[in-house]
1. At a Förster distance of 41 Å, what's the computed FRET efficiency of residue 319 paired with residue 135, Cβ-Cβ distance as r, to 0.05?
2. Can you give me the convex hull volume of the Cα atoms of the chain, divided per residue and expressed in Å³?
3. Can you give the calculated 222 nm mean residue ellipticity of the chain, where each DSSP H run of n ≥ 4 adds -39,500 (n - 2.57) and the sum is split over every residue, rounded to the nearest 500 deg cm²/dmol?
4. About the Cα centre of the chain, how large is the charge dipole given +1 on each Lys and Arg Cβ and -1 on each Asp and Glu Cβ? Please answer in debye to the nearest 20.
5. What whole number of Å gives the distance from the Cα centroid of the range 269-287 to the Cα centroid of the range 95-163?
6. How far is it, in nm, from the label point at residue 31 to the one at residue 291 when both lie 7 Å from their Cα along the line to the Cβ?
7. Which helices of the chain meet both criteria: a Cα extent of 24 Å or more along the helical axis and a mean Kyte-Doolittle score no lower than 0.5, with helices taken as whole DSSP H segments?
8. Tell me, in nm to one decimal, what length is gained between residue 235 and residue 214 on full extension, where the rule is 0.36 nm per residue of separation less the Cα-Cα distance?
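All of the numbers you see were taken from the coordinates with simple rules; none came from a lab. Everything numeric in this text was worked out from a predicted model, so none of it was measured. Positions of Cβ are backbone-derived with ideal geometry, glycine not excepted, and every protein chain shown enters the neighbour counts.
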Amino acid sequence: MYAVRPDEPGWWYGDGRTVTLAERLLAPVGDVYAAAVERRFRTAVPYRAPLPVICVGNFTAGGTGKTPLTRFLIARLAEKEKAAVCLSRGYGGSLAGPAWVDPEHHTAREVGDEPLLIAQGVRVMVARDRKAGLVAIERAGDVAAVVMDDGLQNPSLAKDLSIAVVDARRGFGNGRVIPAGPLRARLAFQLGLVDCIAVMGADAPDAEPPVFEDLKKRFHGPVLRGAVAPTGDVSWITDGNLLAYAGIADPERFFRMLAGYAPATLTRRTFPDHHAFTEAEAVHLLAEADATGAELVTTEKDLARLAGAAGALADLAARSRTLPIAVTFEERDLLRLTALIDGALKNGYLRG
């Protein structure tokens with residue numbers, strides 16, 4: 001069975017051979033949820049912007065690598081001298097927007113951890129109403145493209161390119177729809193929403209994972225194989241004594257990355273996804289690090305949630321190292337993705 005995070009039902013990523021009582025009881029609720037999603041798409045009249053809109057999403061609840069891919073796409077657009085803006089609903093934040101994210105003044109409690117992380121060097125608009133957010137971006141007047149983060153199941157906007165990110169290890173779990181499983185809607189329906197699928201894994205793919213081969217049979221568009229890997233200097237990890245903590249959708253992916261560089265000791269502390277750390281938790285982590293002589297290490301997203309904090313939380317942020325990560329593709333898949341981006345840009349410019 002795949003290791004699950006604290007806020008994730010254990011049966012979502014079971015071994016697939018045993019159906020639990022919880023799955024049986026919740027399956028009808030999942031059917032209702034799936035029908036509601038499909039009904040929203042049938043009745044929606046999506047707004048089509050004069051700007052190219054590239055959407056990054058996933059088929060399941062929880063993280064699959066959307067944020068690193070969003071940053072990757074914005075960087076690729078910058079290489080083409082196309083200024084891109086990220087449009088996010090600001091999950092976990094209090095601001096309804098539309099509002100431009102200011103990393104110098106906003107906190108994760110206001111705009112969400114992912115927008116705050118992406119906003120390091122990139123313009124980000126948060127808006128619960130995605131259409132209102134897109135219109136606000138258009139009014140900025142100096143934007144060449146919009147990268148919509150986590151908008152696959154949102155029918156309010158027309159997209160020029162939709163990319164779904166799938167975790168190579170987790171796949172689709174038990175294949176059921178929320179709350180009986182991790183899928184946000186029936187997989188067959190969601191496959192019809194996307195132009196491309198990127199299967200991401202933290203480890204180099206010596207052999208293609210089963211979900212990759214399965215998708216190539218189910219989906220007629222491009223299925224790309226990517227990886228999420230650390231960037232920059234990682235020599236400090238080897239032989240180090242580390243106390244790693246993470247409140248992300250798949251903390252095991254982060255811990256595996258660290259373990260791959262052979263630290264002398266690696267203590268893992270897992271928290272729920274998008275977790276707002278408390279003063280008491282910060283005190284405990286700091287004390288544990290002091291008692292064991294360990295260096296604190298966390299994810300970029302977790303550190304973003306500590307930005308602007310005071311007291312022990314500020315001390316925790318100051319003493320924590322991060323493991324910056326980036327998306328990589330093999331040359332063939334990178335060329336295919338670049339062609340899709342070029343096509344989306346062309347469609348948007350013809351329309352505009």
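1. Values: r = 42 Å, r/R0 = 1.03.
With a Förster radius of 41 Å, E is 0.45.
2. On the way: hull volume 51.1 nm³, N = 352.
Looking at the chain, the number lands at 145 Å³ per residue.
3. Numbers: 12 runs with 132 residues, N = 352.
Result for the chain: -11500 deg cm²/dmol, rounded to the nearest 500.
4. Around 1500 debye, computed over the chain.
5. Between the Cα centre of the range 95-163 and that of the range 269-287, the gap is 28 Å.
6. So the label points at residue 31 and residue 291 sit 5.1 nm apart.
7. On the way: long enough: 21-43 (34 Å, 0.14); 331-351 (30 Å, -0.16).
Answer set is empty.
8. Working: separation 21, 0.36 × 21 = 7.56 nm, distance 3.70 nm.
3.9 nm is the gain from fully extending residue 235 to residue 214.
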